[in-house]
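Please treat every number below as a calculation from the coordinates, not as lab data. Here the structure is a predicted model, which means the values were calculated and not measured. Positions of Cβ are generated from backbone atoms using ideal geometry, with glycine treated the same way; all protein chains shown enter the neighbour counts.
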Amino acid sequence: MATKNIKLERALIHVHSTFNNTIITVTDSSGHPVAWKSPGAVGYKNSKKGTPYAAQIAAEALVREIKDYGVRSVAIRVKGTGSGRQSVVQTIKASGIRIEEVKNVTPVSHSSSHSKGKA
């Protein structure tokens, strides 16, 4: 894997957490991906990928990688309802990287419980 000489002060971290997996992507301010990790990329298989501990280990591996890029502060966007979302935010906070913002961008359906044909 060829590494680029990327220097960032501020980055966006996108956390997509489902019941089966947690995918963490780091982008620059314009939205171009810089790095990503998931529990499957750090060695977890099957149902173990959906655990908070697996998400924590993936976040620790990603933090080590983005510190090489010079990232000092991040804004976090969390999407999904999985169990790994909180542990990722806590791991990034404990790593010494400054968190400017944590935003929940989970999509919510406007009419999911509306039954059609009923008055």
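Relative to the longest principal axis of the Cα atoms of the chain, the long axis of helix 85-94 lies at roughly 30 degrees.
Enumerate lysine pairs in the chain that are 8 or more residues apart or on different chains, then count those whose Cα atoms are under 25 Å apart. Step by step, the pairs that qualify in the chain add up to 26.
Let's test the formula: R0 of 22 Å, r as the Cβ-Cβ distance of Lys103 and His32. What FRET efficiency results, to the nearest 0.05?
For R0 = 22 Å, the calculated efficiency reads 0.70.
Translational diffusion of the chain, estimated by Stokes-Einstein from the Kirkwood radius over alpha carbon pairs at 25 °C in a medium of 0.890 mPa s, is 163 µm² per second. Each Cα pair under 8 Å and six or more residues apart adds its sequence gap; the mean of these over the residue count of the chain is a relative contact order of 28 percent.
Calculated mean residue ellipticity at 222 nm for the chain: -7500 deg cm²/dmol, from DSSP H runs with n ≥ 4 weighted as -39500 (n - 2.57), summed, divided by the residue count and rounded to 500.
Computed from Cα positions, the angle between helix 52-68 and the longest principal axis of the chain comes to roughly 40 degrees.
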